[in-house]
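Please read the structure below before turning to the comments.
The values are calculated or read from the model by the stated rules, or taken from the named source; none is laboratory data. Being a predicted model, the structure only gives us computed values, none of them experimental. In this analysis, Cβ positions are derived from the backbone assuming ideal geometry, glycine residues included, and neighbour counts consider all displayed protein chains.
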Amino acid sequence: MNDVIAVILFIGVIAYALFGGADFGAGFWDLTAGGAERGRKPRDLIDHSLGPVWEANHTWLIFCLVMIWSGFPQAFAAITTTLYIPLGLTVLGIVLRGSGFAFRKALVRTSEQRVAGAVFAASSVVTPFFLGAVAGGIASGRVPTSGYGDALSSWTNPTSMLGGILAVSVCAYLAAVFLTGQSVRRGDTELEQGFRRRALAAGVASGLVALAGVFILHDDSPRLFHQLSRVGLPLLIISAVCGVAALLLLRSGRPPLVRTLAAAAIACVVAGWGVAQYPYLLGTHLTIDQAASPSATQWVLIAVSCVAAVLIAPSLLLLYTLSLRRKLE
């Protein structure tokens, strides 16, 4: 029962990494699009791509928070009392990001639009960084079972910095792949070529960060490195193959296939972390069974997850499908 809840929780983590990651990555390209004239077309594409889905993507984050809070309250308490600084900055980034995105369209003065756009774009970069830092703090075992761990070293360590940088680069890669497909649907060759180059650059950067991470994990998180190199290795190999294939196929003009491969690459990386972490939720000191809530709560969570799968998942799938087909502009 406890393992089932943990799997459901991690499905939510993977979903947020994919859909929320593409959302954040679009903000990264908004930040680097250039001046008002040069960045006008990319930002217009980003606005039209994010408009229907940017709020809905946070459904996955809320789902994950409810699952860990209800299913593993001890782990939730330990994480929030130790990593409250990056978690607080994450929440602030999400709020500022949404405000900037909404007000950029509502404001009429160019100077005010630029400020709102800068807030949106900058928050789109720092938010995934802090989320990655939180994941690194959890994975490296720096969150004690009783909570109230070191408020700084728990998320400023090498593994957390690796997690933050990798999160930003992966989000940028995934967003560039999605925006390449949107450019193809729009029939804009210039935008298509521009985002294809961005996707290639972000993909290569993500690969280099991942390679550097091998040495960082070896020195800073030996247990995680050991598990990734054994039980998590098949998933990491699949991720590498899908990532390389997606980059090679970018030039062939097959957006749906490239999107699928890119998403599979990222999903396998996140799943590899989950497999390597098992059976622990925190480092090597709090297992899934130790942190689990009573069985009655677990049954309720399974029932709620089934209802969500029947009601919410098809709605989100329809929303994403209509958005990709540009039916909601």
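A few points about this structure:
- Residue 73 being out of contact with any helix residue (DSSP H, G or I) (no Cβ under 6 Å at 6 or more places or on another chain) and buried (at least 19 other Cβ atoms within 10 Å of the Cβ): no
- Verdict on residue 223 being part of a helix (DSSP H, G or I), touching a residue at least 24 places away in the same chain (Cβ under 8 Å) and under 30 Å from residue 47 (Cβ atoms): no
- Residue 16 passes every criterion in (1) of a type in the set (Ser, Thr, Tyr); (2) over 21 Å from residue 267 (Cβ atoms); (3) without any contact (Cβ under 8 Å) to a residue 60 or more places away in the chain apart from (2).
- Selected residue (criterion: farthest from residue 214 (Cα to Cα)) from residues of the stretch 276-292 that are surrounded by 18 or more Cβ atoms within 10 Å (Cβ to Cβ) and out of contact with any strand residue (DSSP E or B) (no Cβ under 8 Å at 6 or more places or on another chain): 292
- Those residues of the stretch 232-263 which are part of a loop (DSSP other than H, G, I, E, B) and either surrounded by fewer than 14 Cβ atoms within 10 Å (Cβ to Cβ) or among the acidic types (Asp, Glu) (or both), in sequence order: 253
- Tabulated pairs, the stretch 125-138, first more than 10 Å from residue 167 (Cα to Cα) and in contact (Cβ under 8 Å) with a residue 40 or more places away in the chain, second of a type in the set (Val, Ile, Thr) and buried (at least 24 other Cβ atoms within 10 Å of the Cβ), C-beta under 8 angstrom, 6+ apart or interchain: 137/82; 137/143; 137/159
- Selected residue (only one of 13, 53 is under 30 Å from residue 110 (Cβ atoms), crowded, with 18+ Cβ neighbours inside 10 Å and not basic (Lys, Arg)): 53
- Verdict on residue 63 being more than 12 Å from the chain's Cα centre (by Cα), closer than 24 Å to residue 267 by Cβ and either hydroxyl-bearing (Ser, Thr, Tyr) or crowded, with 22+ Cβ neighbours inside 10 Å (or both): no
- Failed condition for residue 212, given (1) at pLDDT 95 or above; (2) hydrophobic (A, V, I, L, M, F, W, C); (3) within 26 Å of residue 248 (Cα to Cα): (1)
- Every residue from the stretch 165-214 that is crowded, with 23+ Cβ neighbours inside 10 Å and farther than 22 Å from residue 53 by Cβ: 203, 206
- Of all residues in the stretch 51-97 being small (Gly, Ala, Ser) and assigned to a helix (DSSP H, G or I), the one that is nearest to residue 118 (Cα to Cα): 93
- Condition broken by residue 127, with the remaining ones in (1) buried (at least 17 other Cβ atoms within 10 Å of the Cβ); (2) farther than 30 Å from residue 37 by Cα satisfied: (2)
- Residues of the stretch 154-177 satisfying the condition of being not aromatic (Phe, Trp, Tyr) and not in a helix (DSSP H, G or I): 154, 156, 157
- Residue 224 of a type in the set (A, V, I, L, M) and either in contact with an Asp or Glu (Cβ under 6 Å, 6 or more places away or on another chain) or within 27 Å of residue 158 (Cβ to Cβ) (or both): yes
- Filtered residues of the stretch 270-329 (kept if assigned to a helix (DSSP H, G or I), under 26 Å from residue 136 (Cβ atoms) and over 24 Å from the mean Cα position of the chain (by Cα)): 289, 290, 291
- Contacts under 7 angstrom Cβ, first residue in the stretch 187-199 being within 13 Å of residue 32 (Cα to Cα), partner surrounded by 13 or more Cβ atoms within 10 Å (Cβ to Cβ) and among the small types (Gly, Ala, Ser), 6 or more apart: 195/176; 195/183; 198/176
- Of the residues making up the stretch 54-76, those that are under 17 Å from residue 2 (Cβ atoms) and in contact (Cβ under 8 Å) with a residue 24 or more places away in the chain are 64, 67, 68, 70, 71, 72, 73, 74, 75.
- Screening the candidates 215, 178, 195 for the property of being aromatic (Phe, Trp, Tyr) and over 21 Å from the mean Cα position of the chain (by Cα) yields one hit, 215.
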